[in-house]
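The values are calculated or read from the model by the stated rules, or taken from the named source; none is laboratory data. Quick caveat, the model's predicted, so the values are computed rather than measured. All Cβ positions, even for glycine, are placed from backbone atoms using ideal geometry, and neighbour counts span all protein chains on display. Just so you know, the surface numbers come from the protein's heavy atoms only, side chains and all, with ligands and any DNA or RNA stripped out. Shrake-Rupley method; radii C 1.70, N 1.55, O 1.52, S 1.80 Å.
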Amino acid sequence: MQAPETTPLASLACRLANFSAVEAGDKLRSLVGGQRGYDRDTPAWAERGDLSNIVVIESGWAYKFTIMHDGRRHIADFFGPGAICNWSRLSRFEEQDDILFKSGTSVALLDPVLLDQKLADDAGLASTIKRHELARVMRTTQRIRAFISLPAIERTLLLLLDFADELRTVGKVPDWICTPFAQAELADMLGLTPVHVSRVFKKLVESDIIERDGNSVRFTDRRRIERDLAYRRFFQARRSP
């Protein structure tokens, strides 16, 4: 299991610094009511009350999913270090989604009542978090539009760029990106079959667009790929490393 950040909510504070010069971590740490780690892939079911707290990823990854009526799984979004997994918990009008936490992930649990009150009392903090969550919505919308209109290769590249963006948001700019999800999970994110995903990765390697080493990939020319896909980084409101 991965060890949590030394300072609670350090990754979340790093994310929010993209949208405000005011340090947000100290304002939120008093709301942490507990921490939890996962030594195996673990689903949290909204209807069962597993997500009664606001969940913030300290380290590791998670994703939001829905089981369709025919038994297929649709993965709508993913979360890396510092991400708020269930911001919709504060809304009475949004459907609560189920979340799967990947093995090795650790999270901080925030009391939603106290957080709601804190945001009501601190308009600056509320605006910063809302801008961060709006950036996530805009990035997800960018990805969905690509999935609707682009072939499988371009869809896969955009998803890989989103993985890199999720790390860049907390100040990490890795040359090699460790894809945190299994091939079947990537397939459910992309709307493809696992076999098709395998073929796409093989073609990307053969075309010298990416290099691959196990679960890790490296773009041979990331800037060109971003330019060709008209890729936007919505989380870089204040800085663009």
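Listing for the model above:
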{"quantity": "Qualifying positions in region 151-173 - modelled with pLDDT of 95 or more and either open to solvent by 80 Å² or more (accessible area, probe 1.4 Å) or over 20 Å from the mean Cα position of the chain (by Cα) (or both)", "calculated": "Pro151, Ala152, Ile153"}
{"quantity": "Evaluation of Pro180 against (1) loosely packed, with under 14 Cβ neighbours inside 10 Å; (2) under 15 Å from Leu159 (Cα atoms) (one fails), failing number", "calculated": "(1)"}
{"quantity": "Strands (runs of 3 or more DSSP E) contained in region 1-100 and holding at least 3 residues under 24 Å from Thr169 (Cα atoms) and either hydrophobic (A, V, I, L, M, F, W, C) or modelled with pLDDT under 90 (or both)", "calculated": "54-59, 73-79"}
{"quantity": "Flag if Tyr38 is over 21 Å from Gly191 (Cβ atoms) and among the aromatic types (Phe, Trp, Tyr)", "calculated": "yes"}
{"quantity": "Residue, farthest from the chain's Cα centre (by Cα), within region 66-75, restricted to residues that are within 18 Å of Thr42 (Cβ to Cβ), of a type outside the set (Lys, Arg) and open to solvent by 10 Å² or more (accessible area, probe 1.4 Å)", "calculated": "Ile67"}
{"quantity": "Entirely in region 131-241, the helices (runs of 4 or more DSSP H) that have 1 or more residues that are closer than 20 Å to Ile84 by Cβ", "calculated": "152-168, 183-190"}
{"quantity": "Matching option when the condition is of a type outside the set (Ser, Thr, Tyr), open to solvent by 30 Å² or more (accessible area, probe 1.4 Å) and at pLDDT below 95, among Arg218, Arg233", "calculated": "Arg233"}
{"quantity": "Region 174-205, subset among the β-branched types (Val, Ile, Thr) and within 16 Å of the chain's Cα centre (by Cα), residue nearest to Arg232 (Cα to Cα)", "calculated": "Ile177"}
{"quantity": "For Ser103: the one exception among (1) in a helix (DSSP H, G or I); (2) surrounded by fewer than 19 Cβ atoms within 10 Å (Cβ to Cβ)", "calculated": "(1)"}
{"quantity": "Residues within region 19-41 that are polar (S, T, N, Q) and surrounded by fewer than 16 Cβ atoms within 10 Å (Cβ to Cβ), tallied", "calculated": "2"}
{"quantity": "Failed condition for Ala83, given (1) open to solvent by less than 30 Å² (accessible area, probe 1.4 Å); (2) without any contact (Cβ under 8 Å) to a residue 60 or more places away in the chain", "calculated": "(2)"}
{"quantity": "Breaking point among (1) modelled with pLDDT of 95 or more; (2) surrounded by 13 or more Cβ atoms within 10 Å (Cβ to Cβ); (3) under 24 Å from Lys64 (Cβ atoms), for Thr141", "calculated": "(2)"}
{"quantity": "Test: Gly60 is within 26 Å of Pro180 (Cα to Cα), crowded, with 17+ Cβ neighbours inside 10 Å and in contact with a Lys or Arg (Cβ under 8 Å, 6 or more places away or on another chain)", "calculated": "yes"}
